[in-house]
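**Student:** Below you will find the structure I want to go over with you.
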Amino acid sequence: VYKYFIMSFKRYFIVFIITGCIFGFTFWLSNQLTSSKVREVRDLEDQIALNILSTETRYQLLQNSSCEHIGLNNTDDIGLNSELNYMAHRIKFMASELGAQNEKVVSLKKYYTLLQIKDYLLTKELYNRCGTHIVSILYLYQDGCPECVKQSIVLDDLANTYPEIRVYWIDKDLQTPALDTLMSILKIKNSPSIVIKDKVYDSFQTTSQIE
């Protein structure tokens with residue numbers, strides 16, 4: 001009995017040691033992955049902060065420049081299009097890492113919305129002043145809106161078909177002073193709503209209707 005007890009004890013002790021090692025390694029690996037994600041997100045925040053500063057500086061330069069300094073034949077060079085696309089991808093990445101309701105993600109989305117509104121106003125000004133060929137569509141949507149999902153698909157297809165179309169995706173629920181003022185001026189109430197050349201269409205619009 002004593003020998004059986006000793007053998008059983010050794011066997012259980014070995015199993016305990018192996019289990020402990022596996023648990024310890026798993027815990028260490030989890031911490032390493034978490035630390036790596038935190039570093040990646042912090043690096044991303046720094047990149048976005050620098051990009052925001054660059055975007056705002058470019059906005060000021062374009063706003064005060066003459067038409068000869070603007071690439072009228074390349075729609076990507078007009079306004080802040082490339083910067084906004086970069087920020088959109090980065091914010092989506094942060095949302096996937098931290099969650100869509102994370103405070104930092106929401107704050108960045110608000111900043112992104114503000115930059116979109118600024119770019120919308122800038123492209124309108126450049127259109128009137130320099131005759132640029134950008135067609136701006138301001139699109140206001142809400143999460144959980146079935147018609148908004150359909151409208152998003154239509155606008156995605158149009159933007160891919162026509163390079164001169166620039167769609168600004170504005171989440172109505174973000175509640176920033178600039179967005180509130182914009183919706184008040186345009187009298188936006190319904191979702192989805194799209195604005196083309198200052199005219200508001202406050203219901204779902206098909207591809208042919210928008211064209």
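The values are calculated or read from the model by the stated rules, or taken from the named source; none is laboratory data. These figures come from a predicted structure and were not determined experimentally. Calculation scope for accessible area: heavy atoms of the full protein, side chains included, ligands and nucleic acids excluded. Shrake-Rupley method; radii C 1.70, N 1.55, O 1.52, S 1.80 Å.
**Student:** Solvent-accessible area of Met183, probe 1.4 Å, all protein chains present, reported in Å² to the nearest ten, please.
**Tutor:** Roll a 1.4 Å probe over it and Met183 shows about 30 Å².
**Student:** If amide H atoms are built 1.01 Å from N in the plane of the peptide, which residues on other chains or at least 5 residues away come under 5 Å of the amide H of Ile165?
**Tutor:** Under 5 Å from the amide H of Ile165: Val135.
**Student:** Let me ask you something else. Can you sort Glu103, Glu211, Glu164 by solvent-accessible area, 1.4 Å probe, largest first?
**Tutor:** I get Glu103, Glu211, Glu164, largest accessible area first.
**Student:** List every residue whose amide H lies under 5 Å from the amide H of Thr132, counting only residues 5 or more places away in sequence or on a different chain, with H placed 1.01 Å from N in the peptide plane.
**Tutor:** Tyr127
**Student:** Ordering Val105, Val200 by accessible area with a probe of 1.4 Å, largest first, what comes out?
**Tutor:** From most accessible down to least: Val200, Val105.
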